[in-house]
């Protein structure tokens, strides 16, 4: 499939796309696609990679019979090969109001757009299908996974026009996605995960039970990780009317303790269900983050 043309959108860096283009987007496990591709399939088919022998059954294609084994053992064995298929990439983008937060760094949502748009481009470039879900109380956007260049432009239009708003509905969106995706897929979740980990773990378990490969990008603003405020502040919950006026120095230690507990619990929950966890600071180099992500997946899943 020819490489799709990428429109000059704010969340796309053509130079970064060119540098990342040599890295394939692969799954760590077998996928179930609808056409031939470069990814491993759980089914047997035609490829250059031998899988196993099985006994001959009447009606099998004699061209797949191993005559050398027959000559040595006087028994009939069929050679089976791993089938190759295409990948279905499902991007779940948290579009709740908290994703609009920014300190000195860009907004979390801007970072999420760059990650989602780049992965969608790379998937389309190698002939794979990409779908997009934007999840919040205000947004219920669902684009099914398709592999045409026109669909990629539609996906970009949605990314460009969506703004973070409303309360998070991430747990419900994850459960819904797990039920709707009928074939094994790569599910990439991009969020700040401001919801109880106890509610998230069953969602991750649900996706993994359905045999999806799941990757998580946990977006954090540097101010959230350091809490370096030097004067009395009013802190406003972006997803509710709650606000609090306090002296940051008085609550910093307690805040960091609870915040780091949440980070550790989320990381441990991902590890428990073999979910690929990535913590991303919004002032970090997105290209490097994605290069590391793609490279490690090639090593973990192998490339056809």
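Here are some notes:
- Residue within the range 266-278 that is under 19 Å from residue 222 (Cα atoms), touching a residue at least 40 places away in the same chain (Cβ under 8 Å) and out of contact with any strand residue (DSSP E or B) (no Cβ under 7 Å at 6 or more places or on another chain) present: no
- Selection status of residue 72, modelled with pLDDT of 70 or more, touching a helix residue (DSSP H, G or I) at 6+ places or on another chain (Cβ under 6 Å) and assigned to a helix (DSSP H, G or I): no
- Filtered by the rule that a residue be free of Cβ contacts under 8 Å to residues at least 12 places away in the same chain and part of a loop (DSSP other than H, G, I, E, B), the range 192-219 gives a lone residue, 196.
- Some residue of the range 149-167 being in the same structural domain as residue 25 (by TED's automatic domain parsing), under 15 Å from the mean Cα position of the chain (by Cα) and without any contact (Cβ under 8 Å) to a residue 60 or more places away in the chain: no
- Sole exception among (1) modelled with pLDDT of 90 or more; (2) surrounded by 14 or more Cβ atoms within 10 Å (Cβ to Cβ) for residue 271, by number: (2)
The values are calculated or read from the model by the stated rules, or taken from the named source; none is laboratory data. These numbers come from a predicted model, not from an experiment. In this analysis, Cβ positions are derived from the backbone assuming ideal geometry, glycine residues included, and neighbour counts consider all displayed protein chains.
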